[in-house]
Amino acid sequence: MNSKTKIGIIICDRYRRCAGGKCLRAMKNKEGAFSLYLDTEVELVGFTTCDGCPGGNIEYAGEEMVKNGAQVIHLATGMVVGYPPVPISISSKPFLKNAMGSGSLWAHILYPRNIWICHTRLGTWENSTWKPLIAPTMTDGATRASYD
């Protein structure tokens, strides 16, 4: 490994009691959106909630994570797996981009199979707004199933 990428993770406040197991496992195994870091060491420098709709903590959390060295901020899968998906997943992008600066990347992490099946049936992610948000998380069916 030639370099290290420092990341922050923001989770949906609906899941504020989440221990982060799936996010941390995906980060350790470099699965889902973390497959972007196959040749890079990854260090977690921040983990917090959005503080609930309409995302009162997004601007502060992004800035704080950058102060802690974050180069990338990921939105946890919980931001879009609930129903309805959290609108902040779309509206928070300008705040995070502002905190991260130009060229920064953010993406959701990984969708478990059971969530993928549910939202596919509902047609949740069939519009042009959601497709780019979930694109970095696409992984094979076996990996998705292992996160159910």
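Only the coordinates and a few stated rules stand behind these numbers; no lab work does. Note that the structure is a prediction, hence the values are computed from the model and not measured. Counting neighbours? That spans all protein chains shown, and the Cβs are built from the backbone with ideal geometry, glycine included.
For segment 6-40, applying the loop criterion from DSSP together with a ceiling of 15 other beta carbons within 10 Å to the trypsin sites (Lys or Arg not before Pro) yields Arg16, Arg17, Lys30. Residue-wise HN-Hα couplings along segment 13-28, as the Karplus relation 6.51 cos²θ - 1.76 cosθ + 1.60 with θ = phi - 60° gives them from phi, are 5, 4, 10, 4, 8, 5, 7, x, x, 5, 4, 5, 5, 4, 5, 4 Hz; Gly and Pro carry x.
Applying the Karplus relation 6.51 cos²θ - 1.76 cosθ + 1.60 with θ = phi - 60° to segment 44-52 yields 3J(HN,Hα) values of 7, 10, x, 8, 7, 9, 6, 6, x Hz, where x marks Gly and Pro.
Rg/Rh, computed from the Cα trace of segment 1-46 with Rh as the Kirkwood radius, has the value 1.00. Seen from Gly56, the other residues with C-beta closer than 15 Å to its C-beta sum to a net charge of -3, counting Lys and Arg as +1 and Asp and Glu as -1.
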